[in-house]
Amino acid sequence: MAGAIIENMSTKKLVIVGVILLLFQAFAFMVGGLIAPSPTTAVHYLATKCVDKVKKPQQTKWFMPWGEKKCVNIQSFDEAMAKGIEANNIVFAVHIPLPNKEMSPWFQFMLVILQFDIAFKMYNQIADGALVHIDVGLAYRDDMNSEWTEMAHSLEQRKLSCNFTATKTHENEGRHYECDLLPFMEVGSVAHKYYLLNIRLPVNERKKINVGIGEIKDIRLVGIHQNGGFTKVWFAMKTFLTPSILIIMIWYWRRITLMSRPPVLLEKVILALGISMTFINIPVEWFSVGFNWTWMLLFGDIRQGIFYSMLLSFWIIFCGEHLMETEFFETLVLGRGELKMCDLCVPAIKILPKLGRHPTKKSQDQMERNRFSIYWKQVGPIVFGSFCLFIFDMCERGVQLKNPFYSIWASDIGTELAMAFIIVAGICACLYFLFLCFMVFQVFRNISGKRMSLPAMTKARQLHYEGLIFRFKFLMLVTLACAALTVIFFIISQVNEGHWHWGEHTVQVNSAFFTGIYGMWNLYVFAIMFLYAPSHKHYGDEQSSGQCITGDAGVNIGEDMQLTTTITHVDGPTEIYKMIGKEAQE
């Protein structure tokens with residue numbers, strides 16, 4: 001009997017497979033919760049105020065906040081004024097990491113956030129729309145005795161967004177403003193052990209540079225990087241899952257190609273889903289440990305975007321392919337003769353006229369539905385949204401490959417676009433899930449309508465189709481749960497990424513959530529390819545040579561046509577595929 005594994009596998013074996021997958025899913029959550037540390041770490045730094053006595057240096061000089069070659073520093077600007085030191089001769093120096101520590105390639109990336117400590121003064125208040133002009137340089141070295149090597153240098157602007165909660169009176173002078181965090185730097189690779197930031201705030205009253213920004217007391221930085229322990233667990237998962245998905249994908253497609261008919265749309269989409277899962281699984285991040293590949297963050301975003309697009313499109317097509325009307329004939333009553341069906345028969349739409357009947361709109365629609373172009377209205381917005389995500393990513397992380405201090409959040413227009421993107425992306429994700437729920441509801445209603453035909457069948461066939469319906473409904477519910485968790489993960493990721501730019505409360509996402517969702521994607525793709533693969537190992541030569549299968553219209557055909565009325569092949573569509581209404585033959 002031809003069909004998919006989900007149809008022909010015994011209930012006992014199917015339950016065993018389900019339990020094994022459930023155990024792997026629990027293990028994926030436990031790996032993140034019990035083994036891996038928190039995904040990221042935030043380290044706070046206070047910039048040291050170094051004094052640059054040379055007004056016009058001939059070469060770049062780097063100022064160390066501590067160590068054997070530490071700079072001459074001051075504690076406050078009041079001390080600088082007492083010593084006659086101008087603001088242009090003060091350099092804010094920050095060494096990353098803190099003393100007696102070192103960075104590691106396992107940290108994967110380094111994100112730095114800036115915050116100003118600004119005191120309120122009646123004669124020097126923060127002007128509306130004040131811009132801070134920053135002259136910043138980044139250097140690195142791999143041991144404590146070597147000289148610093150310049151990595152990047154840039155002149156940046158950041159808009160101050162500060163609020164003074166107390167009354168602006170002389171009595172409150174010296175109290176600090178509450179200022180939002182400002183995006184400062186992002187590096188896509190941590191290939192060196194030590195980094196040094198030198199920040200200058202040049203003042204030019206004639207050009208209105210750094211005028212009206214208040215009295216800056218200190219500069220604080222927050223350095224964020226991925227934990228090395230989490231990185232190792234993440235790489236280990238990718239290394240383990242890559243061959244698993246690759247092997248099941250090759251096995252699945254080999255079984256499809258051995259069939260006498262060409263693959264149908266759903267089978268092709270399942271293969272594409274497996275390819276996208278393999279693409280995101282391949283642990284190319286191992287190379288980032290030994291090479292300074294600053295583009296790895298951008299490449300990771302592109303891979304994840306491709307997978308998201310394929311996964312969301314698959315769910316639409318997966319549900320849409322099962323919403324087809326199953327009736328190929330205007331009525332199920334074919335008369336009192338025999339209907340012959342064979343592997344070499346022409347499509348039903350050509351047989352109908354010979355039987356004295358004409359194809360209905362339902363039959364024509366069903367013959368047309370095995371094409372990807374039919375779903376352009378549903379898949380089109382997903383592709384367009386993914387393209388917008390790619391453009392948004394290129395506008396920030398693409399530019400950061402050349403200038404790590406660039407941020408789309410630095411300008412008003414960029415901030416509004418970024419905020420709008422995150423909000424719209426979250427809304428679209430929720431709308432997509434609601435639309436998917438509606439499609440699943442339609443599928444269930446479609447199946448419920450076909451269950452009315454079951455009492456007319458024999459007891460054995462009735463139990464058979466009852467089992468198929470239960471298995472398919474359970475798979476659809478699992479799909480819906482997977483979609484819900486994916487949408488939640490996408491929204492939380494966007495909110496968490498934007499937290500440091502907004503200055504709002506963050507959403508704590510622990511390692512168990514990351515590893516659990518990632519494991520869920522792999523297990524779901526694995527299960528789909530396994531369950532929808534043809535279950536037969538040997539193909540009947542006698543059927544494929546053209547031997548016809550006959551059935552009495554009043555008995556056998558009557559029973560078979562209750563749920564599926566298509567002209568089928570021995571290697572034809574799976575029973576679930578036929579039962580829900582999809583014809584396999586073009």
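Annotations
- Check on residue 185, on the phi < 0 side of the Ramachandran plot, in contact with a Phe, Trp or Tyr (Cβ under 7 Å, 6 or more places away or on another chain), open to solvent by 50 Å² or more (accessible area, probe 1.4 Å) and not polar (S, T, N, Q): no
- Residue within the stretch 280-303 that is surrounded by 19 or more Cβ atoms within 10 Å (Cβ to Cβ) and closer than 26 Å to residue 530 by Cβ present: yes
- Residues in the stretch 148-176 that are modelled with pLDDT of 90 or more and among the hydroxyl-bearing types (Ser, Thr, Tyr): 149, 154.
- Residue 273 vs. criteria of a type outside the set (Ser, Thr, Tyr), touching a helix residue (DSSP H, G or I) at 6+ places or on another chain (Cβ under 9 Å) and open to solvent by less than 60 Å² (accessible area, probe 1.4 Å): yes
- Top-ranked residue of the stretch 151-167 - restricted to ones that are among the hydrophobic types (A, V, I, L, M, F, W, C) and outside any loop (DSSP other than H, G, I, E, B), ranked as most open to solvent (accessible area, probe 1.4 Å): 155
- Only one entry of 207, 193, 232 meets the criterion of being open to solvent by 20 Å² or more (accessible area, probe 1.4 Å), at pLDDT below 90 and not acidic (Asp, Glu), and that entry is 207.
- Residue match in the stretch 139-150 (condition: on the phi < 0 side of the Ramachandran plot, surrounded by fewer than 15 Cβ atoms within 10 Å (Cβ to Cβ) and assigned to a strand (DSSP E or B)): yes
- Close pairs (9 angstrom Cβ cut-off, 6 or more residues apart or separate chains): without any contact (Cβ under 8 Å) to a residue 24 or more places away in the chain and outside any strand (DSSP E or B) in the stretch 209-222, open to solvent by less than 20 Å² (accessible area, probe 1.4 Å) and of a type in the set (Asp, Glu) anywhere: none
- Filtered residues of the stretch 107-124 (kept if surrounded by fewer than 18 Cβ atoms within 10 Å (Cβ to Cβ) and either in a strand (DSSP E or B) or touching a residue at least 12 places away in the same chain (Cβ under 8 Å) (or both)): 115, 117, 119, 121, 122, 124
- Being surrounded by fewer than 18 Cβ atoms within 10 Å (Cβ to Cβ) and hydroxyl-bearing (Ser, Thr, Tyr) is a property that holds for residue 239.
- Qualifying positions in the stretch 382-441 - closer than 29 Å to residue 482 by Cβ, among the small types (Gly, Ala, Ser), surrounded by 13 or more Cβ atoms within 10 Å (Cβ to Cβ) and more than 15 Å from the chain's Cα centre (by Cα): 418
- Restricting 450, 473 to those that are under 30 Å from residue 21 (Cβ atoms) and modelled with pLDDT under 80 reduces the list to 450.
- Any hit, the stretch 14-25, residues being open to solvent by 80 Å² or more (accessible area, probe 1.4 Å), hydrophobic (A, V, I, L, M, F, W, C), part of a helix (DSSP H, G or I) and farther than 30 Å from residue 239 by Cα: no
- Test: residue in the stretch 226-236 that is more than 29 Å from residue 175 (Cα to Cα), part of a loop (DSSP other than H, G, I, E, B) and in contact with an Asp or Glu (Cβ under 6 Å, 6 or more places away or on another chain): no
The values are calculated or read from the model by the stated rules, or taken from the named source; none is laboratory data. On a predicted model such as this, the values are computed, not experimentally measured, just so you know. Heads up, the Cβs are rebuilt from the backbone with ideal geometry, glycines too, and the neighbour counts pull from every protein chain shown. Surface accessibility is based on the protein's heavy atoms, side chains included, excluding ligands, DNA and RNA. Shrake-Rupley method; radii C 1.70, N 1.55, O 1.52, S 1.80 Å.
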